[in-house]
1. Given springs between every Cα pair under 10 Å in a Gaussian network model of chain A, which of A:GLU71, A:GLU215, A:GLU290 has the largest fluctuation?
2. Is there a pair in A:LYS88/B:LYS222; A:LYS197/A:LYS220; B:LYS222/B:LYS249; A:LYS29/A:LYS102; B:LYS21/B:LYS249 whose C-alpha atoms are over 18 Å apart, and which pairs would that be?
3. Which of the three applies to chain A, rounded, prolate or oblate, going by the alpha-carbon gyration tensor with a ≥ b ≥ c and a/c under 1.5 meaning rounded?
4. Working only with C-alpha atoms, what are the Rg and Dmax values of the range A:1-137, expressed in angstrom?
5. Please find the FRET efficiency linking A:GLN249 to A:ALA298, where r is the Cβ-Cβ separation and R0 is fixed at 22 Å, and quote it to the nearest 0.05.
6. If the cut-off is 14 Å between C-alpha atoms, which aspartates and glutamates fall inside it for B:LYS4, apart from same-chain ones fewer than 8 positions away?
7. For every helix of n ≥ 4 consecutive DSSP H residues, a contribution of -39,500 (n - 2.57) applies; sum these over chain A, divide by its total residues, and give [θ] at 222 nm rounded to the nearest 500 deg cm²/dmol.
8. In terms of the Cα gyration tensor, with a ≥ b ≥ c the square roots of its eigenvalues, is the protein assembly as shown rounded because a/c is under 1.5, prolate because a/b exceeds b/c, or oblate?
Amino acid sequence: MDTAIDLQNVSKAFGKFKAVDDLSFRVPKGVIFGLLGPNGAGKTTTIRMIMNITAPDSGAISVLGHAMDRETQNRIGYLPEERGLYRKMKVIEHLYFLAAIKEVDRPTARKRIDNWLDRMELRPWLNKKVDELSKGMQQKVQFIATIVHDPEILILDEVFSGLDPINTALVKEYLIDFRSKGKTIVFSTHVLEQAEKLCDQICLVSKSKKILDGELKALKRHFSKGLIHLSIAASEKEVTALPGVVSCQPLNGVFIVKLAADVDRRQFLRQTLDRYDVAAFSDREPELEEIYLSAVQAAGLEETRIIE
Amino acid sequence: MNWKKIFAVIRREYFERIRTKAFWIGTMLIPLFFFVYIGIQVATSHKTGGERRIAVIDGTGSLYEPLVADLAEREKARQAGPGGSRGIHWVLERRPAPADWNAAKERLRQEVLQKKINGYLIIDPKLLEKDSAEFYSTSVSELVTSNQLERALNHVLLKARIARQGLPANLASELERRLDVKAFKVTEKGTAEEKGAGIFAVVIFTVIMYSTFLMYGMQNLKGVIDEKSNRIVEVIIASVRPTELMMGKILGIGLVGLTQYFIWSFLAMNLSLPGITSRMSSTDMGVPTIPISTIVYFVLFFIFGYFLYASIYTAIGAPFNTDQEAQQLAMIPVMFIVSVWAFFPAILNNPNGGIAVFVSLFPLTSPLGMFLRTSLSEPPVWQIVLCIAILAGTTVGIAWFAGRIYRVGILMYGKKPTIPEILRWARYSPGKAPQPAAPETT
């Protein structure tokens with residue numbers, strides 16, 4: 001897979017405070033990549049360095065195969081965490097302006113904006129001043145502004161913060177739509193549930209350091225620790241009594257079962273099916289929160305609660 | 001530098017400002033004030049014209065008739081002159097010399113208060129020995145009125161004294177002919193007559209420069225702070241370099257200023273100027289003739305000065321989040337600009353003296369200082385060149401410094417930074433990421 005963004009041993013300090021410490025990760029093209037971690041972990045600084053807004057003290061960053069330059073900047077859609085709009089500008093003028101500084105001319109911008117207006121239900125607001133728009137409407141304008149130049153990579157810092165549930169669902173839908181067009185999306189969030197269903201790849205950071213990164217599915221498998229979700233017409237006692245079962249915990253009507261290391265799962269399932277009615281049998285996928293906590297522990301860092 | 005992007009910024013700055021009501025109200029209010037001012041001038045100048053009814057008590061008994069004749073003669077001479085019929089028409093009323101001067105004065109006072117007469121002139125023989133007479137009116141401050149009366153009276157008195165000595169009567173006008181000292185400015189191209197209006201025009205040009213530096217400089221500061229408090233700046237910085245954004249903003253706001261001047265001069269040419277010039281030609285000042293060199297220097301120092309102060313204001317605005325936080329530092333350029341006024345008399349008195357040379361070379365005062373000097377005298381060419389060199393160097397230096405502070409400052413939210421912190425920002429590594437092949441660059 002081609003590389004969209006590559007960070008090698010990137011560090012950045014502000015005075016004595018190390019904001020990012022020896023961070024490396026690779027974002028392949030065509031994926032949704034989550035940069036995850038608690039507030040103050042260095043996500044925004046990392047994103048700003050990718051955008052060439054601040055420069056790293058050491059390390060190298062390449063975007064679309066080379067160091068970020070003006071031409072590359074025009075191929076990226078960036079939505080910073082601190083995002084706002086000129087309050088007194090008309091919505092359409094504002095979109096034209098943000099397109100113009102990406103070197104998109106007005107007719108082209110107009111065509112692209114038109115495509116999004118109905119989808120976002122923004123058309124009646126086009127000639128209104130930004131001031132007169134609700135917060136949710138302004139967020140839609142910001143989102144259109146981020147994609148008006150048809151970028152290859154979207155970089156979104158805390159994209160879901162401040163979005164209502166409807167807009168959150170909409171944005172998730174757009175992001176998946178974007179990926180299906182072969183575009184790359186990098187987004188940061190401190191709310192892990194938001195990344196859970198969306199990300200193909202993740203990088204977890206805490207206290208300026210990377211804890212782990214990689215493909216989310218592989219990570220989940222790795223952190224499943226041989227645990228199995230079992231939905232079965234049997235009691236906890238009966239399940240524990242099954243051959244090969246080390247432990248069994250009921251959770252919301254299913255059992256989380258740990259099998260002995262030498263047990264063949266297919267054989268275990270066959271034997272169980274002979275005795276009981278099994279509705280579901282699957283690898284238990286650990287939630288991101290759980291992965292994060294065990295990774296933090298493994299990294300020897302003290303535990304940082306990720307949910308405030 | 002990507003001029004396409006700079007142009008987009010200029011375009012936004014320009015049109016968004018031109019579209020505001022505040023711009024048009026400001027643009028229209030100032031000429032309106034000017035018209036009202038001129039209107040008041042015209043209205044009050046009518047007062048200096050018109051009829052003056054003056055009662056005269058002539059204690060000498062011999063001065064009244066010559067005075068009436070003299071005033072009539074002056075009026076006739078004036079009507080023949082270029083000013084036309086405007087001016088004062090004197091109507092004198094003779095009152096008999098009283099036994100009790102004080103009672104007579106009191107009676108006349110009542111008449112003035114009842115508006116039967118505009119004033120009264122007392123020629124007391126006793127007073128006259130002490131070279132004095134008395135003129136009473138409701139508005140003694142009406143300089144023209146009392147001046148004309150005084151001049152006429154002096155002339156009449158002189159004639160009388162000459163007659164008393166048995167000298168020829170025409171000696172009076174001979175003796176009264178005053179020497180008119182005309183002021184000429186010596187320049188390398190020769191000599192040119194210096195008129196009061198020349199200085200008047202220079203002052204107007206200076207006021208224009210001065211207010212532009214303050215008003216539109218401040219607009220730059222406000223613009224920078226607005227972008228920060230709106231949280232828009234990071235979105236823009238992802239597409240436009242800080243120096244480009246700064247450049248676009250300064251140019252855009254400068255163009256708004258030029259538009260305003262264009263509207264004003266258009267209004268002036270078409271509405272008020274004919275009135276003003278006809279008024280001026282009727283006074284001693286004469287129509288201002290503005291030398292081309294003054295205009296060239298004006299444009300030159302105007303542009304340099306604007307860029308200098310706009311960069312200073314941008315640098316001041318960048319670290320702060322509200323106008324209030326920036327206020328303290330924003331006073332610094334104001335102080336320098338205003339200080340030129342304090343030096344104005346010194347420059348006027350001695351345009352090539354030490355103070356004038358310093359003010360015209362020190363970069364924070366030189367746009368105004370050197371402009372004043374070039375229009376009042378002819379400073380050495382090397383000083384003008386040095387001034388422009390220092391000014392250009394300082395502008396580039398401050399723009400560079402402002403750019404660096406701007407780059408860091410626009411991303412700083414939250415607490416108000418201290419000045420040492422701001423200075424440290426200027427030393428941060430520039431915003432160019434190193435190449436992957438050479439990861440270490442310091």
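1. In this elastic network of chain A, the residue with the biggest mean-square fluctuation among A:GLU71, A:GLU215, A:GLU290 is A:GLU71.
2. Details: A:LYS88/B:LYS222 14 Å; A:LYS197/A:LYS220 12 Å; B:LYS222/B:LYS249 11 Å; A:LYS29/A:LYS102 21 Å; B:LYS21/B:LYS249 20 Å.
Over 18 Å Cα-Cα: A:LYS29/A:LYS102; B:LYS21/B:LYS249.
3. Working: a/c = 2.55, a/b = 1.77, b/c = 1.44.
Prolate, because a/c is 1.5 or more and a/b exceeds b/c.
4. Gyration radius and largest Cα-Cα distance of the range A:1-137: 17.9, 50 Å.
5. Values: r = 22 Å, r/R0 = 1.01.
The pair A:GLN249/A:ALA298 has a calculated efficiency of 0.50.
6. A:GLU71, A:GLU103, A:ASP105, B:GLU244
7. Numbers: 11 runs with 106 residues, N = 308.
Helices in chain A give a 222 nm mean residue ellipticity of -10000 deg cm²/dmol.
8. Values: a/c = 4.09, a/b = 3.23, b/c = 1.27.
Judged from the Cα gyration tensor, the protein assembly as shown comes out prolate (a/c at least 1.5, a/b above b/c).
The values are calculated or read from the model by the stated rules, or taken from the named source; none is laboratory data. Predicted model, so just to flag it, every value in this text is computed and none were measured. Ideal geometry is used to build each Cβ from the backbone, glycine not excepted, and the neighbour counts take in all protein chains shown. All accessible areas refer to the heavy atoms of the entire protein, side chains included, with ligands and DNA or RNA removed. Shrake-Rupley method; radii C 1.70, N 1.55, O 1.52, S 1.80 Å.
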